[in-house]
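Taking it in order: structure first as structure tokens, then the write-up.
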Amino acid sequence: MFFIIIIYGGYILSAYLDVKVVAPARGTEDEFNVVDFSLPVRSCRYIQPQPTLFKSCSVRYLADLPLYQPSWESIGLVIVILLVLYFTFARFMCGWFCPLGFFTDMLDYVRQKLRIDRIWLPEKLRNFLRLWRYSFLIALILLSVAIILPFAYGIFMDKNFYAITCQVCPARSILPLFGGKLPTAPSFFTFWTAFFSTLSLIFLGVYIMGLFITRSWCRVCPNGTLSSLFSKGSLIVKEKDVRKCTKCGICKRTCPFENNHVFEEKEKKNINHPNCIQCFNCIEKCPEPGCLQARFFNIVLFKSKFRDMKGKKK
């Protein structure tokens with residue numbers, strides 16, 4: 001549902017409202033979007049067909065703010081809405097809203113149908129990827145700020161550094177295809193364009209590895225990294241009743257990120273974690289009734305149920 005809204009929502013809405021979109025001059029793609037807002041997930045501004053529904057992803061929006069230097073009044077409402085979304089959903093948006101997350105789940109579905117063995121990443125590599133994703137997000141922010149610093153003007157104030165997060169994002173190579181448009185070809189004319197194009201091909205390879213490694217791109221995605229900062233305070237809460245846990249290990253084996261925190265937690269009720277995308281596989285597969293549950297405010301969304309040896313709920 002969210003894939004259809006994000007990819008085709010602008011086209012559907014503009015047709016319904018009889019909105020006439022005039023093709024803007026080159027380099028001003030922002031005029032194509034129907035809603036002047038950026039989502040916390042990868043709502044790529046290069047999505048076809050035009051017009052798009054949303055402006056871009058929030059990382060691209062926040063990274064380019066220093067370049068445009070808008071007034072606080074113009075960005076205040078956007079920041080407030082983003083914070084509400086982050087505090088309400090956090091990485092739940094990664095598991096259920098993101099178009100790239102949807103397609104990496106489809107890759108995992110294809111892997112299962114083809115009976116290809118899943119590659120399980122060792123703990124050291126998982127820890128490295130967590131460190132990498134935070135470092136990458138910080139690098140994007142610092143580089144965005146450096147663009148407007150006077151002493152860095154001659155170094156970074158260059159068209160090659162425009163929208164870096166878009167230049168290296170796999171969404172730019174994947175999502176336009178669903179509107180019948182070929183993605184922008186990598187450029188290797190200058191050192192920096194070659195550098196960013198090479199990085200984009202590496203990230204595209206990481207994404208395609210989702211056929212073997214569950215949610216491969218989500219492990220390094222800057223949008224997911226930003227959302228993870230709000231996981232502990234999210235209004236969508238995953239809870240564990242440690243008294244009902246029998247240490248069967250099913251939660252650990254069914255987690256797409258190979259997380260151990262649900263299995264290992266022995267005291268806390270709230271088991272939200274920055275590395276959890278709230279897919280709720282652990283709740284669905286848990287055989288102990290009421291051991292795990294998802295809650296929104298004080299409303300219990302669903303709980304784990306008893307399963308017999310054949311995996312059927314009762």
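For this structure, a couple of remarks:
- Here LEU211 qualifies as out of contact with any Pro (no Cβ under 8 Å at 6 or more places or on another chain) and aliphatic (A, V, I, L, M).
- In a residue-by-residue description of the range 256-263, the property of being surrounded by 15 or more Cβ atoms within 10 Å (Cβ to Cβ), outside the structural domain of ARG111 (by TED's automatic domain parsing), part of a helix (DSSP H, G or I) and touching a strand residue (DSSP E or B) at 6+ places or on another chain (Cβ under 7 Å) applies to at least one position.
- In the condition set (1) touching a residue at least 40 places away in the same chain (Cβ under 8 Å); (2) within 28 Å of SER43 (Cβ to Cβ); (3) exposed (fewer than 15 other Cβ atoms within 10 Å of the Cβ), ILE299 is compliant with all but (1).
- Any hit, the range 108-131, residues being in contact with a Cys (Cβ under 8 Å, 6 or more places away or on another chain) and on the phi < 0 side of the Ramachandran plot: no
- Scanning the range 234-251 for residues that are free of Cβ contacts under 8 Å to residues at least 24 places away in the same chain and either in a helix (DSSP H, G or I) or surrounded by 18 or more Cβ atoms within 10 Å (Cβ to Cβ) (or both) turns up just one, ARG243.
- The residues on offer are THR193, THR225, THR214, and the sole one that is in a helix (DSSP H, G or I) and buried (at least 21 other Cβ atoms within 10 Å of the Cβ) is THR225.
- Hits in the range 142-160 - residues which are in contact with a helix residue (DSSP H, G or I) (Cβ under 7 Å, 6 or more places away or on another chain) and either part of a helix (DSSP H, G or I) or modelled with pLDDT of 85 or more (or both): LEU143, SER144, VAL145, ALA146, ALA152, PHE156, ASN160
The values are calculated or read from the model by the stated rules, or taken from the named source; none is laboratory data. Quick caveat, the model's predicted, so the values are computed rather than measured. Please note: Cβ atoms are built from the backbone with ideal geometry, for glycine as well, and neighbour counts cover all protein chains shown.
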